[in-house]
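Bear in mind these aren't lab numbers, they're just calculated from the coordinates by the rules spelled out. Being a predicted model, the structure only gives us computed values, none of them experimental. All Cβ positions, glycine included, derive from the backbone under ideal geometry; neighbour counts span all protein chains shown.
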There are 2 protein chains.
Amino acid sequence: MELPSFKNIIEAHHLIKEYIHRTPVLTSSAINNIIGSEIFFKCENLQKTGAFKFRGACNAVFSLTEEEAIRGVGTHSSGNHAAALALAARIRGIEAHIVMPSNSPEIKKKAVAGYGGIITYCEPTLQARESTLRNIAEKTGIVVVHPYNNPKVIAGQGTAAKELLEEIPHIDLVMCPVGGGGLLSGTALSVKAISPLSRVIAGEPSGADDAFRSFRAGFIIPSVQPKTIADGLLTSLGEINYAIISQNVDDIITVSEESIIKAMRLVWERMKLIIEPSSAVPLAALLENKETFRNLRIGIILSGGNVDLGNLPF
Amino acid sequence: MELPSFKNIIEAHHLIKEYIHRTPVLTSSAINNIIGSEIFFKCENLQKTGAFKFRGACNAVFSLTEEEAIRGVGTHSSGNHAAALALAARIRGIEAHIVMPSNSPEIKKKAVAGYGGIITYCEPTLQARESTLRNIAEKTGIVVVHPYNNPKVIAGQGTAAKELLEEIPHIDLVMCPVGGGGLLSGTALSVKAISPLSRVIAGEPSGADDAFRSFRAGFIIPSVQPKTIADGLLTSLGEINYAIISQNVDDIITVSEESIIKAMRLVWERMKLIIEPSSAVPLAALLENKETFRNLRIGIILSGGNVDLGNLPF
């Protein structure tokens, strides 16, 4: 198993710099007062396609040789990775084949189509998604880009924490959400390389706590019927992700649905930023554990902002 | 009548720099494609208190002598200026008396109280607001800070455009909304001083078009029963503001309510930024006049982000 390193993150940053937004780091006195710490929010909700996923997708797409690229790329996803891969491919001028479950929300289908992705619909099961993608890959020779269990993707995601630490010195703790572990593994590699004494802690919904249980157990425990409003965090940890996380992450904290919604609303109201529920999970962890995290300098990666405005939890 | 100049804006910037956020300038390829121009959004919705108003309030408060400051400041307002003045006063450690109509939305009362403002309620008429404030001023000796017809406030508001032009070179056109004219007059002073060949154009709702009519007529025509979703733009032009605007602004364009809501939704969905309806007015003007503004580099000041999440127009 090929594990990416911080060197790969530096290379990724060089490669994707001209295509991504260097997202701002924002602060809120109001939220600092509530938590009792100084928090620096790295706004990946303001990244292209509305999520950090564009960094990893860009690195995967622009790392391809000309020969590979000409055949196109593909993935199965109903979420942010699909839109990110479609846009990265369009920028490189190649095809992106996206396999989506037929019951995907209209808003997601529109986003992928809007970025020029070639959509193939399938039954809404993991088996159908994988076999449909495999069929396309066999016919077309596309390079399949996994949303998180992929070294290039992980290296791309790590560039967000790299930018954060370059901009804000003396961070005690960096936090992000964990789903499949792409963002968390990339973040941990960057933080431990740039600032070895800083801690890395992830937040995870209690209703989808496979990473928490895997981290405690010492081996991967797959997710079974996860249920959370944080729809970006329903996936199980990838193997490469787990290998990096188990070595480089200090802790994983689970949070309630109520805290996620409360944290999300806080960011909307006090920071005027649209974030999706997954993005609110680290702040939810701080809300539930104020005493533990008092008087620290904390970096939080706001992972994305893709929500259906017609279906808000408040 | 004392008219502020760009020199006053430079002084204001020095004075308030350490208290305000230097807000980011963000771009959106999706919106650029829709309009056919390159747009640079100066995000004053991410300013402290959620609006550009904090710049002007800060300059007014920190320009006071010790002797003046000790007596406190005051204003009548149910909007963003009240919260801005309250916070600026709190930072300087002085009192802010805010006269609010008794029917002000709960969310506004909470915001002003949250920033430590001393609220006096009155009947919801302009007469009651002015006489209540006059009574307080006579008793306490506070300095009354008008929300826009005030040279210090105008100079403070002008710092947003100054930052925008310092960061983004070669802007063909700078746009902002116009209500009382505080932001527009400050913006025009900055733009014409820093980049004399750039144009300054304001957007105004058709249902509250007193600035448009005043600009065309050559004298102030007060607002009569204005009606628009852009609740920050219901006020009539101030005299100082009008004097500056008539000399330095290139045009004022009116827009429909439908375009305002469409532009607001576009910024929410594509930029993941919470903006209030007033902020969407310049983009609405571009949506209604795409041909006129094609292939330009356009700066837009997103004026604020204070909306009631329970009462969205979409």
- Message: Test of the criteria: in the stretch B:215-279, which trypsin sites (Lys or Arg not before Pro) are in a DSSP loop and have at most 12 other Cβ atoms within 10 angstrom of their Cβ?
- Response: B:LYS227
- Calculate the dipole size of the stretch B:54-144 relative to its Cα centre from +1 charges on Lys and Arg beta carbons and -1 charges on Asp and Glu beta carbons; express the result in debye to the nearest 20. 260
- Among the aspartates and glutamates, which fall within straight-line cross-link reach of A:LYS53, defined as a Cα-Cα distance under 13 Å, with same-chain neighbours fewer than 8 residues apart omitted? A:GLU44
- Simple spin-label model, 7 Å along Cα-to-Cβ: B:GLU166 to B:ARG90 in nm? 2.6
- Query: Taking the Cα centre of chain A as the origin and placing charges on Cβ (Lys, Arg +1; Asp, Glu -1), which of A:PHE6, A:LEU133, A:PHE314 is farthest toward the positive end of the dipole?
  - Reply: A:PHE314
- In whole Hz, with x marking every Gly and Pro, tabulate ³J(HN,Hα) for the stretch A:199-212 from phi via Karplus 6.51 cos²θ - 1.76 cosθ + 1.60, θ = phi - 60°. 8, 10, 10, 9, x, 9, x, 4, x, 8, 9, 5, 5, 4
- Query: So how many Å³ per residue does the convex hull of the Cα atoms of the stretch B:110-240 work out to?
  - Reply: 151
- Message: Over all directions, the average projected area of the alpha-carbon convex hull for chain A comes to how many nm²?
- Response: 14.6
- Which whole-percent values make up P(r) of the protein assembly as shown when all C-alpha to C-alpha distances are grouped in 10 Å steps starting at zero? 3, 16, 25, 24, 17, 10, 4, 1, 0
- List the longest stretch of chain A that has no exposed loop site; here a site is one of the GluC sites (Glu not before Pro) assigned by DSSP to anything other than H, G, I, E or B, with at most 16 other Cβ within 10 Å. A:19-314
- Item | Listed residue pairs exceeding 22 Å between alpha carbons, taken from B:LYS110/B:LYS272; A:LYS17/A:LYS162; A:LYS262/B:LYS17; B:LYS17/B:LYS109 | B:LYS110/B:LYS272; A:LYS262/B:LYS17; B:LYS17/B:LYS109
- Message: Looking at the calculated P(r) for the stretch A:54-144, what percent of the C-alpha pair distances fall above 18 Å?
- Response: 37
- Note on the structure: Here the residues of the stretch A:139-178 lying in the modelled label zone of A:ILE70, meaning backbone nitrogen under 17 Å from a point 7 Å along Cα-to-Cβ, are A:140-143
- Here the averaged projected area of the stretch A:1-155, based on the convex hull of its alpha-carbon atoms and given in nm², is 11.1
- On Cα atoms only, tilt of A:257-271 relative to the major axis of chain A in degrees: 80
- Taking Cα atoms, the helix B:151-167 axis meets the longest principal axis of chain B at an angle in degrees (rounded to 10) of 30
- Task: Quickly estimate the mean residue ellipticity at 222 nm for chain A, helices only: each DSSP H run with n ≥ 4 gives -39500 (n - 2.57), and the total goes over all residues, rounded to 500.
- Result: -13500 deg cm²/dmol
- Working from Cα positions, state the angle (0 to 90°, nearest 10) between the long axis of helix B:182-194 and the longest principal axis of chain B. 60
- Counting Lys and Arg as +1 and Asp and Glu as -1, each charge on the Cβ, what is the dipole of chain A about the Cα centre in debye, to the nearest 20? 400
- Item | Cα-based reach from A:LYS139 at 15 Å (exclusive), listing aspartates and glutamates while leaving out same-chain residues under 8 positions away | A:GLU68, A:GLU95, A:GLU130
